[in-house]
Each structure stands twice: as structure tokens, then as C-alpha cells.
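The values are calculated or read from the model by the stated rules, or taken from the named source; none is laboratory data. Bear in mind that the values here come from a model prediction, so they are computed numbers and not experimental data. Backbone-built Cβ (ideal geometry, glycine too); neighbour counts: all protein chains shown.
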Amino acid sequence: MSKIKRPFKLERFRSLTRDEYFLPATKLTTEAFSLPLLVAFFAVARAMRPLKRSLSQRVTVLIVPAAQMDIFVRAARSFFSYDSKARYGFCVLERAENTQNALAHLGDFPTRDFLFIHSDEMLASFPEVHAIGDFIQAISVPTERHYRNAIKALYGAEPGEYELGLVAQTPWDLLDRVFRPGRSYSLAIDKLRRFASEIPTAAAPTVALKQDASGALRLADMQGYGPAKTWALELARDLKDYRAGRLKWSDIESGATISGPPGTGKTTLVRALAIEADAHLVEASAASWQSQGYLNDFLRAMRDAFAEAAKHAPSILFIDEIDSFGSRSKRETDNGRYMRMAINGLLECLDPKTREGVVVIGATNDWETLDAAIVRSGRLSRKLVVPLPNADDRMAILVQIADLVPTIDEEAALVDLTEGMTGADIEDLVAQAKRKARVADTPLSMKTILSCFPPIIVLSEKYRRSVAVHEAGHALVAAVLGYATLQSVTVRKLMPAGGNGSLGVTSYAFPVLERRNRDFHLGNIAALLGGMAAERVVYGDHADGSGGAASSDLAEATDIATSLVATHGMGSSLIVDPVAVFGNYSGMRNQKPYLLKEIDDILTEQLKRAENIVSENRAPLNAMVAALLENGKLSGEEVGFIISGGRPPRPGPKQIPPPPQ
């Protein structure tokens, strides 16, 4: 924070107040705010709003509860830092003997907008406040709406009713300590929940618990679903409005597909949606319909499922593994002709004109194999993706299932050890821990959960440095070339023995629409080979981590180079073939061996390009490696800061939204 400029006659002013300052404009970051502080910040912003529409030299009096005085003082400090258009006088009045003298010294600051923070308990002892104040605002007790807005701004989370009730009924001094800067929302809310359940005198919400009568988690409290959960909550509300006659069926989005890796909870999401919407749920699959017998039996079973859903409308028909239907574009075989007729039957059932009141949701692990007619507009056009849960989501899932809150050290270990796990994997892990605790006749603990992982390998400093060199190489090459937008670089400290998770990850974000010419794809290849290039520059060779698996750097780069010369006409020939004809790029290379030389030339050229970038930027590379070894993670902004010649800010700031206008 920049140095505070002292006001004129500082000693005289200090004798009257507990705190005073003039603050220059600085950037606000989420790391500076706890939850109650952000609520107070918005309240101060609203109180000071008239000053933005008036001339200077105004006096605002903010009357706050005495118990919340400290937090409002901090909020006012932050607000003044935020506003760059003016600098303010700021006065906290706590003692009756100081209030009268304060009036005499307003003239010391004739060119300043002035704010008095005044306790509601002292109002009677300072009646002159009504005479000196241009704007007098008493801060009311925040509502759940205020807490919801603050949670969204601070954490990007959508709190459930239980969470809002818990937060709203907790004293601010406790909230200020629980929702600490840098602590995840899920961990903070679960610490608060455990406190409320374990301490009888603590505030506890009176709203519904996280689970319904069947024991299933409520949709609003489920973690790790991102936009898919938002869509489901909106659909549940629409179905309730449709049942009540407030919404026409034509206004409801009645079809979607959910895709994602196995175990990410696609079925769980649909079941929670049905409970939230109070809608009848019909669960089916192509396999269950086909098990009824021949094609006519298949079609009959499918139509019966749609008929059952229509009978109980509004309802949800869930088709699991919908990719089993495949696509009619595949080569004709006996099975292909069978599935062609099955797909045609499904398309008839999906006609929106014949299924009013029935929402159809299909789940798949392989969205690309679906027939185009199934996912066209009016049928299952909405594509929802449920990815592998990130670190915060994994911790939230673990806390929900285990009903335990990890310490900071335990959380750091679990973040690394659960890398690559799905919600189903975490549920199985907790089940193992519960079984182990029952056998030992001990309560379930985080230590028991940690003991269920395979033997933990703590990466040596030497080996972890090599991983950091590799990941820093990816980030450096991508940043120098301006390829995509670098989001983060992560290097792990430990992993379970035999674990399949990556020891390091570099993440990018791509524009939705961008002209992707040959240079773009070559930049992609160079960034993928940046890790190998950094190893070759630093160590003189590269390790086997760049190849081997189908998802390795070399495998992805080879496929991109293949697509350039064989499917995009960006090589030595304009003759192209669709990759689907060969099954995949590997099959294409096997059947077109004359492409191999050109593909290898592209890879070699881009590896050399990446090596040159690394060699020319050794100082930034070394700084990135040092920062990764110390912190384990760098944001894209921090990487850019290092490359530009600075040192990484710690922690990396994330801008918060401006105060409400």
C-alpha cells in the first residue's frame, strides 16, 4: 500500500479521533476482504453515493451499530482507497467528550468531503450531528440478499438457503474470522456449520437442512457442477412456474445433454434436479430398452418410457449413456441399420410438439459421437459439460461427504492427493475411511481419510525442480508467442504411489471465436513442446514425461501436425481426408506413411523454435521455476509480470467488482 499522506494539523486532529487518514487511490483485491467487510463496504458505498452527484465539501454521517464499528471503519478505509476522484476526511467518534471538540475542527479541512462514523449508542450525546451533516445515513442490519450479493462478488458462488441462513444469523466478529482472505468459501461455510452444530449457544439457521427427506443432497448445495448446476436451478424454477400456470411450455428449454468423464455425477445432478423441481423422474437407457428383445421390442420400450413421463408431467426423462445410439453418418453395417431405425424412433419421441411437460436429458461420456439430429435445436440442443472437479470443488465434495473440515495442512495434502479424482472417487475414498474407522472403533477423521491413499510420495526438491522447469517452459513459450490466454501453472509437492495424476499442469483459455490459421496451430505445437524445450536447454536432454500417453505433449503435438497436413490443407498438399474415415489421427498416419516426414519436420522446427525462446528468456524461466517451487502455483498474471521483468505479486490479486451505483 502506498504511503499515507498526513493531513494538516495532525496532532490536533489525532487527539479528537481514534483513527484518521487521507488515502490515495489503490486497487482493491479479494484478498483484502472478508465476507462481513465486503457487506460493510457496499453499505458505505451506498451511503457515500450522494457525494458523487454533488459538489465537494459535503459532510456525511454514517450511523452504525456499536458492535460493528470496527468493521465499518475498515470498510470506509477500503472505500476511500477505491475512489480516485476525491480524497476524504474521515473521523471515528467513540467518546462523548470528543464529539463537541470535533465540530470546531471541521474548518481544518474546508476542501474535503468529510465522513463521520458514529455509533448509534452515542447519537443522543451528539445531537449536533443533524446540523453538521449534509447526508445522514443509518446502516440497517444486512438482509440475506446482501449476504448473497457479497458471496457472489467475493467467491463467485451461489449460496443455498441453508448457507444463507447460517451466515445471516452469525455475529459479524465470528464471520470476520471464519471467512478469512485466502480461505475457500466451501471450507469457511463448513467450518461455520460445524461450529453451529457443536456449540449449543451458537446461531443456527432455521431453514431446511442440506439434505431432503430421502437423504439426497439439495441441488443448491451440490459442488463441482459449474454452469450445469446453474442451468438445472433455472430449469427447476421454470418447471415449478409451469405447474403453477405462470409459464407456457413453449418458454421452457425442454432438452439437454450432459457430457463429462465417468464418475463426475451426471446422474446425481439429474436426480437432484428432479427433487428440486418436484418432478417425476423416469430413468432409462438404450441398453435397457434393447434388453427387451428385438427392434420392435426396443421401440416399444422406448415409447412406453416417454408415455410414462407424459402421464406424470411435468416430468424428466433421463437417458443414460445416450451415445449408445451412435450416429447415422457411420458406415452401414447390420448393427448400423438397426441403430439407424432406433435413432429414427428416438427422433420421433423427441419431437417437442408431442411431449409437452416432458424434459428429456441425455448423459454421455462422448458427446462427439451423437447423431446431429439428436442435438439439434428443439431436441437436446443444450450442451452441458461437467468437468473433473477442481481443487476447491474436490475439497467441498470431501467435506460434504465426510462431514469433516480439514486443517490447512490437511487441505494442502488432500488437494494434491485427490488430483484427477471424480466425485465418485472421493465418495469411494470416504467409504473406505469409514470402514477403516469402524474396524478400529474410532471416529472418522481426516487422518483416517489420508491413510486410505496409497503410500504417499513426497517429491524430492531435485525432481520437483525438473517438473517446474517443464511447466515453466510451457508457460514461457505460450506467453511469448501470445498463444491463447495463460490461466495458471501448477506443480505438485506430493502424490500417492502409483498415482495417475499429472505432477504439473499448465492451463490456457481460448477465445470462443478466433481465426485459426497455420501460424495459430504452429504456436499451439510450440507451446506443447515448450516443456521439452526447457528441459533440453536446462538439462541438455528431455525426460520421458513428454511422451508415452495418448494425452502427452508429443502425442497432442503430433496429432495437430497431422491435422495441418492431412485434414486442413495447411501442408504441402491441398488434398485432405476427414479423420473419421480412418478412426483417428494414428490410423490416418498408419495408412498414409508418406505424411510422416512432413509431420516430423513440423515438430522438429517448432521444438527448435521453443528452444530459442527459452534460451533467450532464461532469467524469466529461472524466476518462474523459483516461484513454482516456493508457492506451487502461478497465475497467468503473475507469469506475465515475471516475463515483463518484475517479481510475482503475492498473493496474485483478483479484482473485485466496483461498488453498486
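Quick look at the values:
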{"read-out": "Helices (runs of 4 or more DSSP H) lying entirely in region 214-328 (those with 2 or more residues that are under 30 Å from Ala391 (Cα atoms) and free of Cβ contacts under 8 Å to residues at least 60 places away in the same chain)", "value": "227-243, 266-277"}
{"read-out": "Unique match (being among the aliphatic types (A, V, I, L, M) and closer than 30 Å to Glu630 by Cα) among Ile397, Ile361", "value": "Ile397"}
{"read-out": "Candidates Ala424, Ala402, Ala396, Ala484 - the one that is within 30 Å of Ser259 (Cβ to Cβ) and assigned by TED's automatic domain parsing to the domain that holds Ala619", "value": "Ala484"}
{"read-out": "When residues of region 543-583 are limited to those that are closer than 29 Å to Val467 by Cβ and part of a loop (DSSP other than H, G, I, E, B), the one farthest from the chain's Cα centre (by Cα)", "value": "Ala543"}
{"read-out": "Residue among Thr267, Thr230, Thr257 that is under 26 Å from the mean Cα position of the chain (by Cα), surrounded by fewer than 21 Cβ atoms within 10 Å (Cβ to Cβ) and under 16 Å from Ala363 (Cα atoms)", "value": "Thr267"}
{"read-out": "Any hit, region 346-354, residues being in the same structural domain as Thr267 (by TED's automatic domain parsing), surrounded by 21 or more Cβ atoms within 10 Å (Cβ to Cβ) and in contact with a Ser or Thr (Cβ under 8 Å, 6 or more places away or on another chain)", "value": "no"}
{"read-out": "Residue in region 447-454 that is assigned to a helix (DSSP H, G or I) and crowded, with 22+ Cβ neighbours inside 10 Å present", "value": "yes"}
{"read-out": "Residue among Gly523, Gly531 that alone is in contact with a Phe, Trp or Tyr (Cβ under 7 Å, 6 or more places away or on another chain) and assigned to a helix (DSSP H, G or I)", "value": "Gly523"}
